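Read the structure below first, then the notes.
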Amino acid sequence: MAGARNRSGWRVVATLLACWSGPTLAQTQVSSDPDELSGGAAPERFLFFSGFDLWNFGYAGYAGAQWAPASLNSDGFVLGAFVSEGVERFDTPATRYRTAILRASILPGWRFKRGSLEVKVFAGPDFERDTVAPAQVGRLPYRNSFGARATVDLWWEPTAATMLSASASATTIGSGTSARVAGGWRLSDAGWIGPEIAVSADRFSEQYRVGAHLTGVRTGDFEWSLAAGYVRDSFRRSGIYGRITVLTRR
């Protein structure tokens, strides 16, 4: 059952990768640059976000921040930080296994914008702590791993009423990878709505998601993103997933 426990734990890793790559990109875009508005508006240099993701066999919470010395809307250096913790269960006829994974990354990066296309590229150190229960005889109940992560985020508005976002992430810890693509149509001032697909894989298992998202809903200083859909993994388990993310800029 060691393999089952490890595969269950790595499934949380891949899920968190997919969650991070999606919400942070989709939520950090704006249709116009506040720094260019008349009246001397102060540039926004900080972005803070947090969210929650769940499906039939697990759940995860995550939070992070980005800092741009000049402005979030200017080309140049961006420093990102991310932390998450997820729990997943794997049931057998005799035992319920539980894996908790804590992840943290610090990712220096660069922002490029050309017309309506924006790209962010990040790379930096990555950390993971796996905790399994019940513990295996002769093994520690946890494992700490250090590695490196790289991510790419893309946001494009080909027309005033449509958008396309894409993201990919890879870590040297367990050779984990993930990718997400989402399209959308503008709902007046209520944000964007459309389909999304996400895939994630590591050395043990894969997960596939197909669903819909509502991105950029504003309430005061906060922006919200919601998503839900169908999920299936390489254990042939399937069900419904849901995700909610909120962000604010300063």
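The values are calculated or read from the model by the stated rules, or taken from the named source; none is laboratory data. Because the structure is predicted, anything quoted here is derived from the model rather than measured. Note that each Cβ is placed from the backbone with ideal geometry, even for glycine, and that neighbours are counted across all protein chains shown.
Residue by residue through region 179-215, note down the ones that are assigned to a strand (DSSP E or B) and modelled with pLDDT under 95.
Listed by number, the residues that qualify are 200, 201, 206, 207.
All but one of (1) surrounded by 13 or more Cβ atoms within 10 Å (Cβ to Cβ); (2) in contact with a Lys or Arg (Cβ under 7 Å, 6 or more places away or on another chain) hold for residue 113, so report the exception by its number.
Answer for residue 113: the failing condition is (2).
Among the residues in region 67-74, are any modelled with pLDDT under 95, surrounded by fewer than 20 Cβ atoms within 10 Å (Cβ to Cβ) and part of a strand (DSSP E or B)?
Scanning region 67-74 turns up no residue that is modelled with pLDDT under 95, surrounded by fewer than 20 Cβ atoms within 10 Å (Cβ to Cβ) and part of a strand (DSSP E or B).
Select from region 73-102 the residues that are in contact with a helix residue (DSSP H, G or I) (Cβ under 6 Å, 6 or more places away or on another chain) and acidic (Asp, Glu) and list them in ascending order.
88
Mind checking which residues of region 204-250 are surrounded by fewer than 18 Cβ atoms within 10 Å (Cβ to Cβ) and charged (D, E, K, R)?
206, 218, 221, 232, 236, 237, 250
Go through (1) touching a helix residue (DSSP H, G or I) at 6+ places or on another chain (Cβ under 9 Å); (2) of a type outside the set (Phe, Trp, Tyr); (3) free of Cβ contacts under 8 Å to residues at least 40 places away in the same chain for residue 105 and report which single condition fails.
(3)
Is region 43-50 home to any residue that is at pLDDT 90 or above, outside any strand (DSSP E or B) and more than 20 Å from residue 242 (Cβ to Cβ)?
Taking region 43-50 first, the residues at pLDDT 90 or above are 44-50.
In the following step, the residues that additionally are outside any strand (DSSP E or B) were identified as 44-45.
If we keep only those that are more than 20 Å from residue 242 (Cβ to Cβ) too, we end up with 44-45.
Yes.
Give the residues of region 230-244 that are modelled with pLDDT of 95 or more and either outside any strand (DSSP E or B) or out of contact with any Phe, Trp or Tyr (no Cβ under 6 Å at 6 or more places or on another chain) (or both), sorted by residue number.
Result: 230, 238, 240, 242, 243.
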